[in-house]
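Taking it in order: structure first as structure tokens, then the write-up.
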Amino acid sequence: MYTEYFGLNARPFSIIPDGDDFYLSPQHQAAFNMLEFGVLEQVGITVITGEVGSGKTTLVQHLLKRLDYRALTVALVDTAHSAYGSLLRWIVDAFRIEADAESESSYLLALQNFLVDRFAQGKRTVVIIDEAQNMSSQDLEALRLLTNINANNNQLLQIVLVGQPELLKKFYEPGMSQLAQRVSAEYNLSTLDVNETTSYIRYRLESAGGVRELFDPAAVLAVFYFSAGIPRIINTICDGALVLTYGLGETCVTLDSVVKVIRSKPIGGVHRPFMERPDREAVRENILKRFGINLLEVVS
């Protein structure tokens, strides 16, 4: 709708994960390196955590598009909620393995045979479980059993868990110490700081063909404050601000436009409480001093 008006060739702030067009902040690069290490090396279990909307799924998609599948067999389980079946069944289905019967024992036997066959072919096998915080204690125990499938001192299944910070708490549950000891690579993806948010917005605009600054500096600061540096919320706010700016017939997103977008969005995550951070408070004080607008009151 607004792309032609602003000289863009696509919507720059889509909330759909895109592994091809991904802004790698220093911490996203570090998380990607850890993911890649967990897939390519025999390191036990790899765990990547981060807040909702921080870019975890996009990181996984970015990785999947860059792997050499001549030496790897990789399966992605993108839902691990026990309400939709056991984790073992999800893994078997993700690898497209035929089981003789629908039972946990038949799934385990079929998976073991599959892993041994891949190992005999000289291929390594990896399962990536997204939204892993939804796993039950029973699923976690199944994971522990899967780490015991070995051949000639080689671990036959590499396991990568990606989830929200609640995933970490599961490793402290009673009886989970053996599984926790098998985690040898982990990384917690924090949110973007104000400079990374600025770079992120610029990158997204340039990727969509933007040739000029469409957000004034105060607007960018407000986007950072209201999003707390979470990429998905940055996208939601920026997309709404571009729509509003287009509707007003203006050429640049202003602080006022961002404030109006926030006030018009009672849902969408922008009003969720965020942990207080010194950099957010510094931005709020800056805006209050320069423009007389208290961003804290906008969402109160």
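Quick rundown of the values:
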{"read-out": "Percentage, to the nearest whole number, of Cα pairs in segment 169-248 over 15 Å apart", "value": "65 percent"}
{"read-out": "Rounded to 5, the percent of DSSP beta bridges in the chain classed as antiparallel", "value": "10 percent"}
{"read-out": "Note, ³J(HN,Hα) from phi for segment 136-143, Karplus 6.51, -1.76, 1.60, rounded to Hz, x at Gly and Pro", "value": "7, 4, 5, 5, 5, 5, 5, 4"}
{"read-out": "Two-site label geometry, R263 and R290: point separation in nm, points 7 Å out along Cα→Cβ", "value": "2.1 nm"}
{"read-out": "Over segment 124-265, relative contact order from alpha-carbon pairs under 8 Å, at least 6 apart, %", "value": "19 percent"}
{"read-out": "Over the chain, relative contact order from alpha-carbon pairs under 8 Å, at least 6 apart, %", "value": "24 percent"}
{"read-out": "Simple Cβ-charge dipole of the chain, Lys/Arg +1 and Asp/Glu -1, about Cα centre, in debye nearest 20", "value": "280 debye"}
{"read-out": "Sparse-neighbour loop sites [trypsin sites (Lys or Arg not before Pro); segment 84-153; at most 10 other C-beta within 10 Å; DSSP]", "value": "R96"}
{"read-out": "Mean separation of Cα contacts under 8 Å (6+ apart) over length of segment 26-189, as relative contact order %", "value": "38 percent"}
{"read-out": "Centroid-to-centroid separation of segment 149-176 and segment 40-76 [C-alpha atoms, Å]", "value": "14 Å"}
{"read-out": "Packing-based order for 220-231, 36-47, 288-299, using average beta carbon neighbours within 10 Å, highest first", "value": "220-231, 36-47, 288-299"}
{"read-out": "Spread of Cα-to-Cα distances over 10 Å intervals beginning at zero, given as percent, for segment 127-202", "value": "15, 44, 22, 13, 6, 0"}
{"read-out": "q = 0.12 Å⁻¹, segment 26-189: log10 I(q)/I(0) [Debye, one scatterer per Cα]", "value": "-0.49"}
{"read-out": "Fraction of alpha-carbon pairs over 29 Å apart in the chain - percent", "value": "44 percent"}
{"read-out": "Amide proton proximity set for V253, modelled H, under 5 Å, gap of 5+", "value": "F215, D216"}
{"read-out": "Cα gyration tensor shape of segment 98-148, rounded if a/c is under 1.5, else prolate or oblate by comparing a/b with b/c", "value": "oblate"}
{"read-out": "Where N is the number of residues in segment 199-240, Cα Rg divided by 2.2 N^0.38 Å", "value": "1.07"}
{"read-out": "Whole-Hz couplings from phi, Karplus 6.51/-1.76/1.60, listed for segment 150-161; x for Gly and Pro", "value": "10, 8, 6, 6, 9, 6, 7, 10, 7, 10, 10, 10"}
{"read-out": "For T191, residues with placed amide H under 5 Å, excluding near neighbours", "value": "none"}
{"read-out": "Neighbour cut-off at most 16 other Cβ (10 Å), DSSP loop, trypsin sites (Lys or Arg not before Pro), segment 1-77", "value": "K65, R66, R70"}
{"read-out": "Cα-based Lys proximity count in the chain, under 29 Å, for pairs eight or more positions apart or on separate chains", "value": "8"}
{"read-out": "Relative intensity, log₁₀ I(q)/I(0), of segment 194-298 from a Debye sum that treats every alpha carbon as a point, q = 0.14, 0.16, 0.17, 0.18 Å⁻¹", "value": "-0.49, -0.64, -0.73, -0.83"}
{"read-out": "Helix-derived mean residue ellipticity, 222 nm - over the chain, DSSP H n ≥ 4, -39500 (n - 2.57), to 500", "value": "-14000 deg cm²/dmol"}
{"read-out": "Distant-in-sequence amide H partners of A185 (H built 1.01 Å from N, under 5 Å)", "value": "I45, V47"}
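Where a number appears in this text, it was derived from the coordinates with a stated rule and is not lab data. Here the structure is a predicted model, which means the values were calculated and not measured. No Cβ is skipped: glycine too gets one built from the backbone with ideal geometry, and neighbour counts run over all protein chains shown.
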